[in-house]
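Asks: Encoded as structure tokens, here's the structure I'll be asking about.
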Amino acid sequence: MKKISLYLCLVTTIILMSSSFTQAQKKSEKVLRHVVLFKFQDSAKPEDVKKVEDAFVALKGKIKLIKDFEWGTNTSPEGLNQGLTHCFLATFASDKDRDDYLVHPDHKAFVEILKPHLDKVTVIDYWTK
């Protein structure tokens, strides 16, 4: 019985160590984040904004260079958003992938959908640490 308990303890320890190592590996993988913030024109209709949102979201399926993608609208109670309402976050593996994304025909087509409705944009890219 002691051997079985010792064996189970050993197996549990190995599993936990393996899981911790895998999590540490994931955390050490640096990625490039491309953060895009939009303020739409006051004249933009809800259906125009929805069209832009859908077009941006669709880029993940069209441009394989995008490793991950998420987006949302501002909910901060601080009132420091300077009119920016939408945040889109695209993740890339390298500067080259991001640069190729920026000139990709599908990204350029998205920009053409966006332009008539855009008032202000802020973009910042950073490498995770």
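Asks: Got a number for carbon plus sulfur as a percent of the stretch 77-129's accessible area, 1.4 Å probe?
Replies: 60 percent
Asks: In nm, what is the difference between 0.36 nm times the number of residues separating V123 and D100 and their Cα-Cα distance?
Replies: Between V123 and D100, full extension yields an extra 6.6 nm.
Asks: For the pair T73/K108, report the inter-label distance in nm, with labels modelled 7 Å from Cα in the Cβ direction.
Replies: Going from the T73 label point to the K108 one covers 3.2 nm.
Asks: Another question about this same structure. How far, in nm, would the chain grow between K60 and Q82 when pulled straight, counting 0.36 nm per residue and subtracting the alpha carbon separation?
Replies: Working it through step by step, the gained length comes to 5.2 nm.
The values are calculated or read from the model by the stated rules, or taken from the named source; none is laboratory data. Treat the numbers as computed from the prediction; the structure is a model and nothing was measured. Here Cβ is always computed from backbone atoms with ideal geometry, including for glycine, and neighbour counts include all displayed protein chains. We work out accessible area using only protein heavy atoms, side chains counted, and drop any ligands, DNA or RNA first. Shrake-Rupley method; radii C 1.70, N 1.55, O 1.52, S 1.80 Å.
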